[in-house]
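Asks: Quick one: this structure, given as structure tokens, is what I'll be asking you about.
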Amino acid sequence: MERVSNREKILTEGLKVVHAQGFANASVRDIVAAAGVPQGSFTNHFESKEAFGLEILDLYFANNRAVMEETLLNDALDPLKRLRQWIDRNAARNECSGFRNGCLIGNFTAEAAAHSEAMRKRLIAIIAEIHAAIATCLKAAVKAGELPKGFDCSGTAEFIFTGLQGATLMAKAEGNAAPIDRFKKTLFAKVLR
């Protein structure tokens, strides 16, 4: 059986702590306690809490990237079905926490981007990659005849991401999927018809 390093424990368990409590509210003490490692392990592996934050953001996004590959960028599915599945997978991930945690990308954007230039730049890059994946899916929908020629794929991709972030935030406030369901219904009935 492979032994998990203290660094990996800090990252995986620390991600859960930060996602549940927020970046500012999650202390290094909370993170190492959840990881079950000595407090000195944190400073042995991360030069700062900001450096740790960047790494957990990348860890979280790695999972998001895999979901994008399975949904938005999956050529085996009809394009608008891909988009619907991507939204559903995001909602399901939020449902696992009872909608308490929201999206870490959105949470970091609201909480940490104004205080860390490195985090702000990383978030912009992550969001651009998500926009590009949504736009690719929408372009495939145009090519497949699911959307009209000349459809604004880029602008709509940005709208979809920001709309889903807002719906996810409201789902966090309401504690249920209703805001995401309303967003999805409006998106497919009005915007993508």
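Asks: Kirkwood Rh and Cα-based Rg: tell me the resulting Rg over Rh for the range 1-46, rounded to two decimals.
Replies: Rounded to two decimals, Rg over Rh is 0.97.
Asks: Once you charge only the Cβ atoms, +1 for Lys and Arg and -1 for Asp and Glu, what is the size of the charge dipole of the range 72-157 about its Cα centre, to the nearest 20 debye?
Replies: 60 debye
Asks: Which of the trypsin sites (Lys or Arg not before Pro) found in the range 1-31 are loop residues per DSSP with 14 or fewer other Cβ atoms within 10 Å of their Cβ?
Replies: Answer by residue number: Arg3.
Asks: Remind me, relative contact order of the chain in percent, using alpha carbon pairs under 8 angstrom and six or more residues apart?
Replies: 20 percent.
Asks: Just in the range 80-165: which trypsin sites (Lys or Arg not before Pro) are loop by DSSP and have at most 15 other Cβ atoms within 10 Å?
Replies: Arg100, Lys149
Asks: How far is helix 6-21 tilted off the main Cα axis of the chain, in degrees rounded to 10, range 0 to 90?
Replies: Roughly 60 degrees, rounded to the nearest 10.
Asks: Starting from the Cα of Val142, step 7 Å along the direction of its Cβ; do the same at Ala76; then give the gap between the two resulting points in nm.
Replies: 2.7 nm
Asks: Now for a separate question. Determine the calculated [θ] at 222 nm for the chain from helices alone, applying -39500 (n - 2.57) to every DSSP H run no shorter than 4 residues and normalising by the residue count; nearest 500 deg cm²/dmol.
Replies: Only helices count here, giving -23000 deg cm²/dmol.
Asks: Among the GluC sites (Glu not before Pro) in the range 43-119, which ones are in a DSSP loop with at most 16 other Cβ atoms within 10 Å of the Cβ? Mind listing them?
Replies: Loop-located and lightly packed - Glu47.
Asks: Based on the alpha carbons, how large is the Rg to Rh ratio for the range 77-179 when Rh follows Kirkwood?
Replies: Expressed as Rg/Rh, it is 1.01.
Asks: What is the ratio of the Cα radius of gyration of the chain to 2.2 N^0.38 Å, with N the residue count, to two decimals?
Replies: Working it through for the chain, the quotient is 1.12.
Coordinate-derived values only; no laboratory data. Quick caveat: nothing in here was measured; it's all calculated off a predicted structure. Here Cβ is always computed from backbone atoms with ideal geometry, including for glycine, and neighbour counts include all displayed protein chains.
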